[in-house]
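Here's the structure, in structure tokens; my notes come after.
The values are calculated or read from the model by the stated rules, or taken from the named source; none is laboratory data. Since this is a predicted model, take the numbers as computed values, not measurements. Using ideal geometry, Cβ is built from the backbone for each residue, glycine included, and neighbour counts are taken over all protein chains shown. Areas reflect the complete protein model, heavy atoms only, side chains present, ligands, DNA and RNA absent. Shrake-Rupley method; radii C 1.70, N 1.55, O 1.52, S 1.80 Å.
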Amino acid sequence: MAEQGFTPPTSEWYRPTADMVKQANVPDYDAVYALARQDPQAFWAKRAAELEWYKTWDQVLDDSNKPFYKWFVGGKTNMALNALDRHVTTWRRNKLAIIWEGEDGEKVTLSYWRLWQEVNKFANVLRGMGVSKGDRVTIYMGRVPEIAIAMLACAKIGAPHSVVYGGFSEQALASRIEDAQSKVVITCDGAWLRGKIVPLKVTVDEAVTRSPVVETVIVVKRTCQEIQMEAGRDYWYHDLMALPFAKPNAETEVMDAEDPLFILYTSGTTGKPKGVLHTHGGYQVYTSTTLEWAFDIKEEDRWWCAADPGWITGHSYIVYAPLILGATSIIYEGAPTYPYPDRWWKIVADYGVTILYTAPTAIRGLMRFGEAWPRRHDLSSLRLLGSVGEPINPEAWRWYHRVIGEERCPIIDTWWQTETGGFMITPLPSVALKPGSATRPFPGIEVDIVDDDGAPVGANEDGNLVIKSPWPSMIRTVYGDDERFISQYWEKYRDQGWYLAGDTARRDDDGYLWVIGRNDDVLKVSGYRLGTAEVESGLVSHSAVAESAVIGVPDELRGNKIFAYCILVEGAEGSDALEAELKAHVRHEVGPIAAPAQIEFVDNLPKTRSGKIMRRVLKAQALGQPLGDLSTLED
Ligand code: PRX
């Protein structure tokens, strides 16, 4: 069952101006789409040739062992070669790579030259601490410049990073450290959020107790409160960076195109998060192409992707793709509303941001404060806006377009996933828009909407979104679990060899695509991806809870909110106090984003005869809708 249910206004068009089309990096979408379709491998080879390789590939695509596709086979490269090394030998060495602003107003700018040096120094630090090619490094940091430095340094030495979002709890962090078997964790003493300190190092200390594989913790000083530093295990980043071995020159590891660049854990249909694996070669080609074309990146742009580096959006479009393109990327540490609801608009005006990319939930959140806040600032530098993470409801789209974009800026609504690495369905600035539709597939991408048997559904009918042919930045496997990779994405349409996205979508009469929402046990809450099973296992880890079921119900601000149903153990009594305690428990066990909005205590749960919880029934009930087909219900 799809999560969201707005009715799309499929006839409302926003057409690009002639000037916008003329200056666009891709002025004619149809022509480029057709070209890519004709010969996808030649198309991607041409894109790959824009980048630098130590050795060119022998084969563009190896599909001899489906679904374990390989791209640019035999090619030798490194993400750091393209994101940094190649820029410092040109005039770009003096261009700003990163502009950072702390929530407290502190500012840092890093030119390509300076960033390159910092990355080299930290690469030497990591090597000096015994990290070598293939070792996994866990990064659990706030939004500080050092997170980009740490990621790039890992890439440079060929150590796959696993960034864990700083909002996750120690249990979530511990299980990710454990799964990746990271001996090194990089963190901060704390992060600033809404004027308060998020105590990152305390969480790391607890996670490391639960997951004893960790030998070294490197700590960036940001918030300066008192923290515990364990001798022989914990080191300050600034101390290490001051050591003689932290030289500003470091060799870049020559990587195979298919060597892992990073693991990024994301939620799936079971409680255990999946480590989505991406590689150096295909990922750099695809992320840089998509950013350059969909957001029309020009040399003089100031690009601001307001996501967190801890999510795929931040990996691909704060750190890697912008740097490959030699762009200037902006990072802001804190909350959009701190100290006032105009913080973002002030940042746009202060730095002359030209392109802003954010999530519908953030737009809806800022919309609540009214137009006066953005109107106070000069937003005339903006030329494009972007949206990601969940379907954007037309009201939010129109507000974003009218108030922030001043009716001048096209909205690039990008549909993609952690697994896809980069944008899959998105308009280019030359494409006519409809509010709420991600429009058309990116050149080189073949999507369809099909029923459970794989037959295409008709116009305006809901079906499963599938991707019908491979693309360079596709997930390579679930780290350490090839079986799960196959069963999750490739099993359902095994005969056809299609990738199952897990989303419900429809296509309108104009061929425009509308992604409605997830159709599996994954929830999108404020754009964050969570598995119902993760929240449920958080609940049952409390001694009073015997069993639980979690559903998402539509919420105006957050897209979805979490409703939980709990069966208590013998002797436990449901009460307001217990509800509050359980919410706090989930915050602590899983993370604040997973806390249920409401918990109901029940005596039983609707199940199929095989014992599977029928969340569909709970959801219909919660929404006061007809319960539908109950023939498989046990009782
Ligand atoms: O349901 C879709 C939704 O987000 C899911 C992927 O989540 P995640 O891996 O966390 O990646 C989010 C950032 C790329 C998808 O399966 N989604 C993402 N973007 C959109 C979207 N739904 C509708 N429209 C979008 N633009």
Checklist entry - Given the residues GLU581, GLU536, which is the only one that is more than 18 Å from PHE168 (Cα to Cα) and open to solvent by 10 Å² or more (accessible area, probe 1.4 Å)? => result GLU581
Item to check | Matching entry among ALA207, ALA257 (being within 14 Å of ILE139 (Cα to Cα) and under 29 Å from the mean Cα position of the chain (by Cα)) | outcome: ALA207
Checklist entry - When both residues are 6+ apart or on different chains and their Cβ atoms are under 9 Å apart, which pairs have a first residue that lies in region 133-148 and is polar (S, T, N, Q), and a second that is in a loop (DSSP other than H, G, I, E, B) and surrounded by fewer than 24 Cβ atoms within 10 Å (Cβ to Cβ)? => result THR138/VAL214
Checklist entry - In region 80-97, is there at least one residue being touching a strand residue (DSSP E or B) at 6+ places or on another chain (Cβ under 7 Å), under 18 Å from ALA250 (Cα atoms) and open to solvent by less than 10 Å² (accessible area, probe 1.4 Å)? => result no
Checklist entry - Of all residues in region 221-250 being surrounded by 12 or more Cβ atoms within 10 Å (Cβ to Cβ) and among the acidic types (Asp, Glu), which is farthest from the chain's Cα centre (by Cα)? => result ASP239
Checklist entry - Within the group GLY444, GLY422, GLY436, which residue is surrounded by 24 or more Cβ atoms within 10 Å (Cβ to Cβ) and under 22 Å from ILE324 (Cβ atoms)? => result GLY422
Checklist entry - What number of residues within region 18-48 satisfy the criterion of being in a loop (DSSP other than H, G, I, E, B), open to solvent by 40 Å² or more (accessible area, probe 1.4 Å) and touching a Ser or Thr at 6+ places or on another chain (Cβ under 8 Å)? => result 2
Next on the checklist: Filter region 298-319 down to the residues that are part of a helix (DSSP H, G or I) and either at positive phi or within 14 Å of the ligand (Cβ to nearest atom) (or both) and list them by number.
Outcome noted: ILE312, THR313, GLY314, HIS315, SER316, TYR317, ILE318
Checklist entry - Where in region 355-424 are the strands (runs of 3 or more DSSP E), entirely inside, with at least 3 residues that are more than 11 Å from the ligand (Cβ to nearest atom)? => result 355-358
Next on the checklist: Taking the conditions exactly as written (more than 18 Å from HIS161 (Cα to Cα), within 16 Å of the ligand (Cβ to nearest atom), at pLDDT 95 or above and crowded, with 20+ Cβ neighbours inside 10 Å), does ALA327 satisfy them or not?
Outcome noted: no
Item to check | Complete set of residues in region 466-488 that are out of contact with any Ser or Thr (no Cβ under 7 Å at 6 or more places or on another chain), within 26 Å of GLY271 (Cβ to Cβ) and open to solvent by 10 Å² or more (accessible area, probe 1.4 Å) | outcome: THR477, TYR479, GLY480, ASP481, ASP482, GLU483, ARG484, ILE486, SER487, GLN488
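Conditions (1) over 22 Å from ASP63 (Cβ atoms); (2) at pLDDT below 95; (3) touching a strand residue (DSSP E or B) at 6+ places or on another chain (Cβ under 6 Å), marked per residue:
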| residue | (1), (2), (3) |
| --- | --- |
| PHE442 | no, no, no |
| ILE445 | no, no, no |
| ALA455 | yes, no, no |
| GLY458 | yes, no, no |
| PRO470 | no, no, no |
| SER473 | no, no, no |
| VAL478 | no, no, yes |
| LYS492 | no, no, yes |
| GLY497 | no, no, no |
Next on the checklist: Can you find, within region 487-519, the residue that is farthest from SER11 (Cα to Cα) among those that are within 11 Å of the ligand (Cβ to nearest atom) and in contact with a helix residue (DSSP H, G or I) (Cβ under 9 Å, 6 or more places away or on another chain)?
Outcome noted: LEU500
